[in-house]
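The block underneath contains the structure these notes are about, expressed in structure tokens.
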Amino acid sequence: MNIKGNLPLLILRVLAGAPRHGYGIAREIEHGSEGVLAVADGTLYPMLHDLARQGLIEAFEETVNGRLRRCYRLTNAGQRELARQTREWQRYTRAVNLIVGGIS
Amino acid sequence: MTGHSHHDNLNHWLDRAADGLPSQQAAAVRAELAAHVEDAVDDLVRQGVPQAEAQQRALAALGDPQPVAHGFNDIYRGRRHYLAAMLASVLLLIESLMFHQVYKALDVVDYSTASRLLYIADHAVFVLLLVYVVIVCRWLLLWRFNVQTGNTPIRLIVGGYGLYLVGNALLELLVDSWDPVPTLSNTSDPVEWVGLLVMDGGMLVGSAGTVLFGICAFQARSGLLKATAVLAIVASGTTSIAIALLLLNIEAYLFHGLSILAGLLLWPTVFLLFLRMAYTRHYLPARTA
């Protein structure tokens, strides 16, 4: 499934669970959606850098499995944005369900 | 695939993904993506995939490096230029709306040397701003919308408007007075004739370039951007036709007036709309599963 429009929401949601590095975020999206949602791993990074520049997430360095990795965590602004985007998404899916669910 | 060739392939991929970035950002991006591949290979090997196959699969999972480079260039190079180009568009609009009032206020609407130099400087600034905005729009189309415009429209625009400036300078510096809506047939002075030909010919080429640019922009997957591209095509197309009529010695004053309106008001408006909506939209390619 193509997820490009919803990638920021997915990233923010994954990081709300725990800070992660890029590889961890990509795998969490893939596994968390039972393989339905997948992003080309490379294209995740411009989005991560963009969210960091917007102040929604922040980068920090951490040792993961004995190696130094650039990890990301949600900021307060990111939590507010996640809540806003989640409300938007629920409103949207409810509207679609009202129509699709009503078709027999 | 051998370990050595994996290293080469990874480096090649990273070169393309970091292409165009300032060195500091390029180094950070390369390190982060290389670490990603390292983690992916380790993960696959832990799952029992042979090392060589794991390396191959990890690299393939990164996807096409070009949209990655576009995304990073958009973030690290584009943003300040998008803002600057929006400011340039506002200046173009103000210049279009206000310059004649400024002339009147300064009382320099005559054929004095000061007035002529002011006109030349005004035209030069207008063209420089226009070219800058077009170049930024080109980057934006490529980095944000993945639309290739190629070099031809830019060459036509830069070359055409460069000629326009040369022709305008010839007329202002070497001709005593010239018809504000001239055609080639109503001038007998050879210098004025050449000046008009170069100026109008240049504008014709430049307008043709902007029509071509608008056609390229129309490929973007955005309804609003398509509408703006159509507006740009109509505006510069009107100018092209008006200039062609003038070069053919047809005095179509209504059309000429329309082209002036299009050139002065529509173009800055189009650019402003273009940059404004593109600045607020994100289109990052993703793999479909």
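The values are calculated or read from the model by the stated rules, or taken from the named source; none is laboratory data. Owing to the predicted nature of the structure, the values given are computational and were not obtained by experimental measurement. Using ideal geometry, Cβ is built from the backbone for each residue, glycine included, and neighbour counts are taken over all protein chains shown. The area values use the complete protein model at the heavy-atom level, side chains included, leaving out ligands, DNA and RNA. Shrake-Rupley method; radii C 1.70, N 1.55, O 1.52, S 1.80 Å.
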For q = 0.25 Å⁻¹, Debye-computed log10 I/I(0) when each Cα of segment B:3-63 counts as one equal scatterer:
-1.00
May I ask you to rank B:THR239, B:THR152 by accessible area, largest first, using a 1.4 Å probe over the protein chains only?
B:THR152, B:THR239
Roughly how much of B:HIS81 is accessible, in Å² to the nearest 10, using a 1.4 Å probe?
50 Å²
Find the all-direction average of the projected area of the Cα convex hull for the protein assembly as shown, expressing the result in square nanometres with one decimal place.
26.7 nm²
Binned at 10 Å from 0, what are the whole-percent values of the Cα-Cα distance distribution for segment B:120-223, short to long?
16, 39, 25, 14, 6, 0
Residue span B:LEU173 to B:ILE120: 0.36 nm per residue of separation minus Cα-Cα distance leaves a gain in nm of 18.2 nm
If the only charges are +1 at each Lys and Arg Cβ and -1 at each Asp and Glu Cβ, what is the size of the charge dipole of the protein assembly as shown around the Cα centre, to the nearest 20 debye?
1560 debye
Along the charge dipole of chain A, Cβ charges K/R +1 and D/E -1, which of A:ILE57, A:TYR92, A:ALA26 sits furthest on the positive end?
A:TYR92
Taking protein heavy atoms only, a 1.4 Å probe, and rounding to whole percent, the accessible area of segment A:4-100 owed to carbon and sulfur comes out at 48 percent
Could you state how much accessible area is buried at the A-B interface, both sides summed, with a 1.4 Å probe, in Å² to the nearest 100?
2700 Å²
Take the alpha-carbon positions of segment A:1-60, form their convex hull, and give its projected area averaged over all directions (one quarter of the hull surface) in nm².
3.7 nm²
Average other protein chain Cβ within 10 Å of Cβ, residues A:67-74
2
Per residue solvent-accessible surface (Å²) - the protein assembly as shown, probe of 1.4 Å:
49 Å²
With N set to the number of residues, divide the alpha-carbon radius of gyration of chain A by 2.2 N^0.38 Å and report two decimals.
1.18
Distance from segment B:25-95 to segment A:52-68 (C-alpha centre basis), Å:
16 Å
Quick one: what are the phi-derived ³J(HN,Hα) couplings along segment B:233-240, Karplus 6.51/-1.76/1.60 with θ = phi - 60°, whole Hz, x for glycine and proline?
5, 5, 4, 6, x, 4, 4, 4
Looking at B:GLN55, B:HIS70, B:VAL211, which one has the Cα that reaches farthest to the positive end of the dipole of the protein assembly as shown (charges on Cβ: Lys, Arg +1; Asp, Glu -1)?
B:GLN55
Rounded to the nearest 20 debye, what is the charge dipole size of segment A:4-100 about its Cα centre when +1 sits on each Lys and Arg Cβ and -1 on each Asp and Glu Cβ?
240 debye
